Amino acid sequence: MNPQEEALLDYCERHSTAEHEWLQMCVRKTHLKHLNPRMLSGHVQGRLLSLFSGLMKPNLVLDIGTFTGYSAMCLAEGLAPQGKVITLEEDVELERSIREHIAASPFADQIEPVFEDALLWLGNHAQLQPDIIYLDADKSRYPQYLPLLLSMMRPNSMLIADNTLWSGKVLDAGTTHKDTDTQAIDQFNKMLAAQEQLEVFLLPLRDGLSIARKKN
């Protein structure tokens with residue numbers, strides 16, 4: 001980000017609801033212990049996820065790509081009383097941090113971490129009907145996730161996909177930027193926008209956040 005973008009993000013953070021202490025702890029420990037801490041959803045995006053969850057009061061949330069647990073905890077904030085977040089992470093080296101962060105939150109009994117390949121797990125649990133799906137996993141497989149996720153969605157359920165602007169590289173997909181991730185995200189964006197049963201909005205927040213609601 002350039003200085004003006006950083007200043008605007010700081011302004012947004014200062015004028016949004018503050019992070020809870022367990023989220024602040026997650027941020028601190030992720031920066032201390034893990035590479036690429038920028039993979040965290042972060043304060044502003046986390047408050048948006050929490051807001052969506054609070055509006056929908058979901059019974060079931062699928063969080064695909066846990067990293068260190070930040071997004072799962074944000075999405076858990078709005079759960080229905082008996083609601084649950086299932087969060088999928090295939091990197092078993094993150095398990096200790098994920099479990100530690102979740103245990104320190106008020107949602108230890110409502111967040112279920114699963115350490116498996118997400119595509120395989122989703123294929124084996126196609127009967128689930130989540131109210132919210134948050135996709136922030138391996139970008140090269142975004143197009144492969146979409147048919148599975150669409151089959152799970154019911155009317156008024158929501159799909160949120162992160163990093164769908166991919167640092168602006170999607171503007172030159174197929175020309176300047178021919179890498180696998182850029183190609184996959186551009187393909188996913190086109191596939192998502194073509195779904196007539198969905199209402200889709202690509203929000204230019206941080207690295208791009210695609211928000212889709214299944215119509216009645």
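The values are calculated or read from the model by the stated rules, or taken from the named source; none is laboratory data. Please read all numbers here as calculations on a predicted model, not as lab measurements. FYI the Cβ positions are ideal-geometry reconstructions off the backbone, even for glycines, and counts take in every protein chain you see.
A few points about this structure:
- The listed residues are Glu95, Glu77, Glu100, Glu21, and the only one of them that is under 15 Å from the mean Cα position of the chain (by Cα) and over 21 Å from Ser140 (Cα atoms) turns out to be Glu77.
- You will find that of Asp138, Asp186, the residue that is farther than 20 Å from Ala76 by Cα, surrounded by 13 or more Cβ atoms within 10 Å (Cβ to Cβ) and in contact with a strand residue (DSSP E or B) (Cβ under 6 Å, 6 or more places away or on another chain) is Asp186 and no other.
- Single condition Arg206 does not satisfy, out of (1) surrounded by 14 or more Cβ atoms within 10 Å (Cβ to Cβ); (2) at pLDDT 95 or above; (3) charged (D, E, K, R): (2)
- Screening Asp10 with (1) within 14 Å of Leu205 (Cβ to Cβ); (2) modelled with pLDDT under 95 gives one miss only, at (1).
- Looking across the stretch 37-64 at every residue that is of a type in the set (Val, Ile, Thr) and under 23 Å from Met25 (Cβ atoms), the one that is surrounded by the fewest Cβ atoms within 10 Å (Cβ to Cβ) is identified as Val44.
- Phe52 falls short of the stated requirement of being aromatic (Phe, Trp, Tyr), at positive phi and in contact (Cβ under 8 Å) with a residue 40 or more places away in the chain.
- Matching entry among Asp138, Asp162 (being farther than 24 Å from Leu9 by Cβ, in contact (Cβ under 8 Å) with a residue 60 or more places away in the chain and under 15 Å from the mean Cα position of the chain (by Cα)): Asp138
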